[in-house]
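The values are calculated or read from the model by the stated rules, or taken from the named source; none is laboratory data. What you are looking at is a predicted structure, and each value in this text was computed from that prediction instead of being measured. Cβ placement follows ideal geometry from the backbone for every residue including glycine, while neighbour counts extend to all protein chains displayed.
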Amino acid sequence: MKRAKLNGHSGIAEAVGRSLNDYLAALDGEPADNLYELFIGSVEKTLLTDVLARTKGNQSEAAGMLGINRNTLRAKLDKHKIKLPPS
């Protein structure tokens with residue numbers, strides 16, 4: 001399988017870093033709480049939803065794109081309460 005090139009940088013990591021900085025700035029001095037779960041959960045749900053949309057709900061294709069097996073994908077969909085589009 002051919003892998004996508006990142007052109008020498010990680011745009012995803014940069015976007016997450018900017019988002020984290022914006023979030024912490026918006027707290028305006030309030031203490032941050034549960035950042036790991038907040039960010040990982042948000043990113044994971046968005047990733048799953050977007051990949052499923054790109055594969056038109058094909059779970060096998062989505063799992064392949066994500067590099068996980070189909071059972072793991074289904075468990076993550078249940079965890080995030082993501083409904084599959086009707087076939």
Filtered residues of the stretch 26-52 (kept if modelled with pLDDT under 95 and of a type in the set (Gly, Ala, Ser)) | Gly29, Ala32, Gly41, Ser42
Go through the stretch 16-43 and give me each residue that's aromatic (Phe, Trp, Tyr) and in a loop (DSSP other than H, G, I, E, B).
-> none
Would you mind finding the one in Thr46, Thr72 that is among the hydroxyl-bearing types (Ser, Thr, Tyr) and within 30 Å of Asp22 (Cβ to Cβ)?
-> Thr46
Here the residues within the stretch 32-43 that are surrounded by fewer than 12 Cβ atoms within 10 Å (Cβ to Cβ) and either without any contact (Cβ under 8 Å) to a residue 12 or more places away in the chain or basic (Lys, Arg) (or both) are Ala32, Asp33, Asn34, Tyr36, Glu37, Ile40
Being in contact (Cβ under 8 Å) with a residue 24 or more places away in the chain, part of a helix (DSSP H, G or I) and basic (Lys, Arg) is the filter here, so list the residues in the stretch 44-87 that pass it.
-> Lys45, Lys76
